[in-house]
Amino acid sequence: MTAHKKAAGEGVPQAACKNLEHQHFTATGIECQFQDAARAAGIPLTGAIIADGVLHRSHIEGQRARLSDADRAAIAAERQRREIERQQTQRTAAEKARFIWAKTQHITDPSQHPYLMKKRIQANGARLSVYQGRASLVIPILGESGLTSLQFIEADGSKRFLPGGEIKGCSVGIGMSGVTQAEPGGF
């Protein structure tokens, strides 16, 4: 069956599914298994089932196309709950960033970290953190409220951000006198 026919709503015929018991790992076999499981659960699906690894929505017979006011309210409440959770995670990450930043060392010479040597650049306000025997460059990430997160650069050039920290809409605090001159934890 072509993808065009599937998109037009022409799914695998029920009769074809009964003959596919030995083809469990083919797209058609997976589609049949899904249709059979839905029928067994009392869910009457209409339209094509497409087993291509991408999320596709399917209409259920008798299902209302519009959300009720209660559904919309539940969605809004869940969205608000997730936003509050995201903000708390970011506040916690900012506190952790301030703690780590206060423990970092000023870099006075590029020879203090292999990444600076390899790139032939100055630290420009980046600092050094030595944790469990591993030295990382630490780059401050600044938002409207000050220090929100940190970026860590390893000797091999791999980079990672502090988990949970606010990054979107923020700037990197390299070469900014307020960052390099600030007291530890003063953000």
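The values are calculated or read from the model by the stated rules, or taken from the named source; none is laboratory data. None of the values given here were measured: they were computed from a predicted structure. Don't worry about glycine lacking a Cβ; one is built from the backbone with ideal geometry, like all the others, and counts go over all protein chains shown.
Could you please let me know if PHE99 is surrounded by fewer than 18 Cβ atoms within 10 Å (Cβ to Cβ), among the aromatic types (Phe, Trp, Tyr), under 18 Å from the mean Cα position of the chain (by Cα) and modelled with pLDDT of 90 or more?
No, not satisfied.
Name the pairs: first residue in region 88-110 and within 10 Å of GLY165 (Cα to Cα), second residue surrounded by 13 or more Cβ atoms within 10 Å (Cβ to Cβ) and of a type in the set (A, V, I, L, M), Cβ to Cβ under 6 Å, at least 6 apart or on different chains?
Here the result reads ALA93/LEU162; ALA97/LEU147; ALA97/LEU150; ALA97/LEU162, each pair linking region 88-110 to a residue that is surrounded by 13 or more Cβ atoms within 10 Å (Cβ to Cβ) and of a type in the set (A, V, I, L, M).
What residue, among those in region 51-94 that are of a type in the set (D, E, K, R) and surrounded by 12 or more Cβ atoms within 10 Å (Cβ to Cβ), is farthest from the chain's Cα centre (by Cα)? Show your work before the answer.
Applying the first criterion (of a type in the set (D, E, K, R)) to region 51-94 yields 52, 57, 61, 64, 66, 69, 71-72, 78-79, 81-83, 85-86, 91.
Now restrict to residues that are surrounded by 12 or more Cβ atoms within 10 Å (Cβ to Cβ): 86, 91.
Working: ARG86: 12, ARG91: 18 Å.
Looking at residues that are of a type in the set (D, E, K, R) and surrounded by 12 or more Cβ atoms within 10 Å (Cβ to Cβ), I get ARG91.
Just need a number here: residues in region 10-50 that are surrounded by 13 or more Cβ atoms within 10 Å (Cβ to Cβ) and either at pLDDT 75 or above or over 31 Å from the mean Cα position of the chain (by Cα) (or both). Show your work before the answer.
Residues of region 10-50 that are surrounded by 13 or more Cβ atoms within 10 Å (Cβ to Cβ), as a first pass: 10-12, 16-17, 20, 23, 27-36, 38-39, 43, 45, 47-50.
If we keep only those that are either at pLDDT 75 or above or over 31 Å from the mean Cα position of the chain (by Cα) (or both) too, we end up with 10-12, 16-17, 20, 23, 28-36, 38-39, 43, 45, 47-50.
Result for region 10-50: 24.
So, in region 125-163, exactly how many residues are surrounded by 11 or more Cβ atoms within 10 Å (Cβ to Cβ), charged (D, E, K, R) and either in contact (Cβ under 8 Å) with a residue 24 or more places away in the chain or part of a loop (DSSP other than H, G, I, E, B) (or both)?
Qualifying residue count, region 125-163: 2.
Taking the condition without any contact (Cβ under 8 Å) to a residue 60 or more places away in the chain, in a helix (DSSP H, G or I) and among the β-branched types (Val, Ile, Thr), does ILE75 pass?
yes
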